[in-house]
1. In the chain, what % of DSSP beta bridges are antiparallel (nearest 5)?
2. Check which residues have an amide H placed less than 5 Å from residue 81's amide H, if you skip close sequence neighbours.
3. So how do 131, 4, 34 rank on accessible area, 1.4 Å probe, biggest first, that is with the largest at the start?
4. Looking at 27, 130, 115, which one has the Cα that reaches farthest to the positive end of the dipole of the chain (charges on Cβ: Lys, Arg +1; Asp, Glu -1)?
5. With an 8 Å Cα cut-off and a minimum separation of 6 or more residues, compute the relative contact order for the chain in percent.
6. Could you work out the mean projected area of the convex hull around the alpha carbons of the chain, in square nanometres to one decimal?
7. Using a Förster distance of 25 angstrom, determine the FRET efficiency expected from the C-beta separation of residue 88 and residue 6, and round it to 0.05.
8. Among 16, 30, 134, which one shows the highest mean-square fluctuation when the chain is modelled as a Gaussian network with alpha-carbon springs under 10 Å?
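The values are calculated or read from the model by the stated rules, or taken from the named source; none is laboratory data. All values reported here derive from a predicted model rather than from experimental measurement. A quick note on method: Cβ atoms are made from the backbone with ideal geometry, for glycine too, and the neighbour counts reach across all protein chains shown. These accessible areas exclude ligands, DNA and RNA; they are computed on the full protein's heavy atoms, side chains included. Shrake-Rupley method; radii C 1.70, N 1.55, O 1.52, S 1.80 Å.
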Amino acid sequence: MDIISYYTNADGEEVKKSDSFKVLMLVGGKLLLIHNELTPDRLTMPGGRAHVGETLQQTLEREFFEETGVPAALHVGALVYEQRHVFRSPVTEVLCDMTNHYYTCAPADYAAVRGLHFYDLDVAESTVSYIHEKGAVRALRDSLGMGHIGDHASTPIPVGL
């Protein structure tokens, strides 16, 4: 069961509050992006909400498996980016208050992720649809000392994390 709470906003409307935890995985200097069932027409980072009683590690590994089909052990690194946003779900019309947390992660076994799709950071930043995901890619680039699209284009990206 996902960890979700509810509160009433100043207008008296019930708001669904949750946190989402996302995997930022670099392999060979490229970022993992996937299509998930909620947004099959968009590329995104794997991740989702924690279940009751899960650790951060368990949440990221479970979500990684659910969205990629790869049962990989992950080395969880730094929290690179967080963003809170309030929006109305286009599907349910429910008002949502969500905070996304983006963590660098490396696979314990790089062979396990060979069949997944990784993208150059320039492509990833211009391809992801949501503004908070663009922010996460920018924050990842900044954490690597790379700047944004067009900046330091020849700077090598480290393999793995």
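1. Numbers: 26 of 36 bridges.
Counting DSSP beta bridges with both partners in the chain, the antiparallel share is about 70 percent.
2. 102
3. Numbers: 131 110, 4 60, 34 15 Å².
The residues order as 131, 4, 34, largest area first.
4. Final value for the positive-end residue is 27.
5. Values: 310 pairs, mean separation 44.3, N = 161.
Taking the mean separation of contacting Cα pairs over the length of the chain, I get 28 percent.
6. On the way: hull surface 40.0 nm².
Average projection, Cα convex hull of the chain: 10.0 nm².
7. Working: r = 15 Å, r/R0 = 0.60.
Calculated value: 0.95.
8. Comparing 16, 30, 134 in the GNM, the peak value goes to 16.
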